[in-house]
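Novice: Have a look at the structure that comes next, please.
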Amino acid sequence: MELPISERDIAQAESYLAAGDLPSATPLLERLVEQAEEYIDAECQATDKVQYFSFADAFERLAYRRVERDPRELVQVGAPFDRLYAALSFAYINQEDYVSAKNTLTQAVRWDPMNCAYRLDLAELHRALGNTQEWAALSFSVIERASDGRSAARAYANLGQFFLDNHNALAASGCARVASKLAPHDGRVEALAGRLAAERPEAAEASDEEAEAELASQGVDATPSADMAVCLLMCASDAAAAGDRNEATRLTVRARGLIGDEACRALVKLIRESDAELARERAEGGEGHAES
């Protein structure tokens, strides 16, 4: 079956949304989703050997492999289905149809599970619908998938609010400390800090070690995922080798914002050493083959 929709179709609907033209955007998006789902039912059924995604780039594909350790063949579909579902969800949010928005955005996450903006928005929809456990669970899932400091900070800020609501001020303080290092001026981070200062000021007296230990007892890492930084830097190395300095710089800046300058430099050094070792092994292997 031929793919019935294109990225151009989705971009047209997105342009209606950007202009605030919901009467044009919503029926178009619903029609595109209907066509997409007919295609998905016919051509994109997951099996034990294959799964279909609409990752935004090579980094997301690599990051998914590293986080999920999915051994199946990953097939990139020919249209950004994640954007289609996310756009329809946004249209429903603007109509205050939060149940439909939640269900639709869940599909966006399914098609691009590494897009943390989708996860964070879906978390807020669950919270608006009264499901704070799922709000916290989705926020928690962002920590190991976040590839930029702001997304990670928002996830920690959400968890901090959750812990504060559940009377664990020390864990909330631990989340606030991590979040403030990642994105100190983000509104959610500032809101958590303000609430802690007003409601549980004594939590600030705890040491960083005590706060981190409490986070660990709750199963929350006190640092964003180093795996994401490794993936970013590997892709940056590939971009540099291909002569794309702008992309290499962009990816490196993201990694630096996630884990800091010092850790980033150490990872870059390891990746370069690994690349050099691999190149030597290949060269030696080629020489041995030539000699034989």
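The values are calculated or read from the model by the stated rules, or taken from the named source; none is laboratory data. Keep in mind it's a predicted model, so treat the numbers as computed, not measured. Reconstructed Cβ throughout: ideal geometry from the backbone, glycine too, with neighbour counts over all protein chains shown. In case anyone asks, the SASA skips ligands and DNA or RNA and just uses the protein heavy atoms, side chains included. Shrake-Rupley method; radii C 1.70, N 1.55, O 1.52, S 1.80 Å.
Novice: Could you go through region 86-94 in sequence order and give the Karplus-derived ³J(HN,Hα) for each residue, using 6.51 cos²θ - 1.76 cosθ + 1.60 with θ = phi - 60°, rounded to whole Hz, and x for Gly and Pro?
Specialist: Along region 86-94, the couplings run 5, 5, 5, 4, 4, 4, 5, 4, 5 Hz.
Novice: A further question on this structure: Compare 113, 27, 80 in a GNM of the chain, Cα atoms joined below 10 Å, and give the one with the largest fluctuation.
Specialist: Looking only at 113, 27, 80, the biggest GNM fluctuation is shown by 27.
Novice: Bin width 5 Å, alpha-carbon pairs only: give the P(r) of region 36-114 as whole percents, running from 0 to the bin holding the largest distance.
Specialist: Using 5 Å bins, I get a P(r) of 3, 15, 23, 22, 17, 11, 5, 2, 0 for region 36-114.
Novice: Follow-up question, since we're still on this one. Under a 5 Å amide H to amide H cut-off, with H placed in plane at 1.01 Å, what residues pair with residue 75 once short-range neighbours are removed?
Specialist: 51, 52, 53
Novice: I've got another one for you. Counting residues in the chain as N, plug N into 2.2 N^0.38 Å and put the Cα Rg over that result.
Specialist: On the way: Rg = 21.9 Å, N = 292, 2.2 N^0.38 = 19.0 Å.
Dividing the Cα radius of gyration by 2.2 N^0.38 Å gives 1.15.
Novice: Specify the residue with the greatest mean-square fluctuation among 223, 104, 47, computed from a Gaussian network of the chain linking alpha-carbon atoms under 10 Å apart.
Specialist: Judging by the Gaussian network model, the answer is 47.
Novice: While we're here: Compare 269, 102, 49 by solvent-accessible area with a 1.4 Å probe and give them largest first, with all protein chains kept in place. Could the numbers behind the result be given before it?
Specialist: Numbers: 269 120, 102 50, 49 160 Å².
Solvent-accessible surface, decreasing: 49, 269, 102.
Novice: Shifting gears a bit: Compute a Gaussian network model of the chain, connecting alpha carbons closer than 10 Å, and tell me which residue from 265, 69, 150 fluctuates the most.
Specialist: 69
Novice: On to the next question. In percent, how large is the relative contact order of the chain, given Cα pairs closer than 8 Å and 6 or more residues apart?
Specialist: Numbers: 366 pairs, mean separation 36.0, N = 292.
Across the chain, relative contact order equals 12 percent.
Novice: Local charge sum around residue 149 (other residues, Cβ-Cβ under 11 Å, Lys/Arg +1, Asp/Glu -1)?
Specialist: Details: positive: 150, 154, 181, 254, 256; negative: 148, 186.
Its environment carries a net charge of +3.
Novice: Now for a different question. Starting from the Cα of residue 269, draw a straight line to each of the lysines and keep only those under 27 Å, dropping any in the same chain fewer than 8 residues away.
Specialist: Here the lysines satisfying the reach criterion relative to residue 269 are 181.
Novice: Still on this structure: Based on DSSP H runs of at least 4 residues, each adding -39500 (n - 2.57), what is the mean residue ellipticity at 222 nm of the chain after dividing by all its residues, to the nearest 500 deg cm²/dmol? Could you put the intermediate results ahead of the total?
Specialist: On the way: 14 runs with 214 residues, N = 292.
Rounded to the nearest 500, the figure is -24000 deg cm²/dmol.
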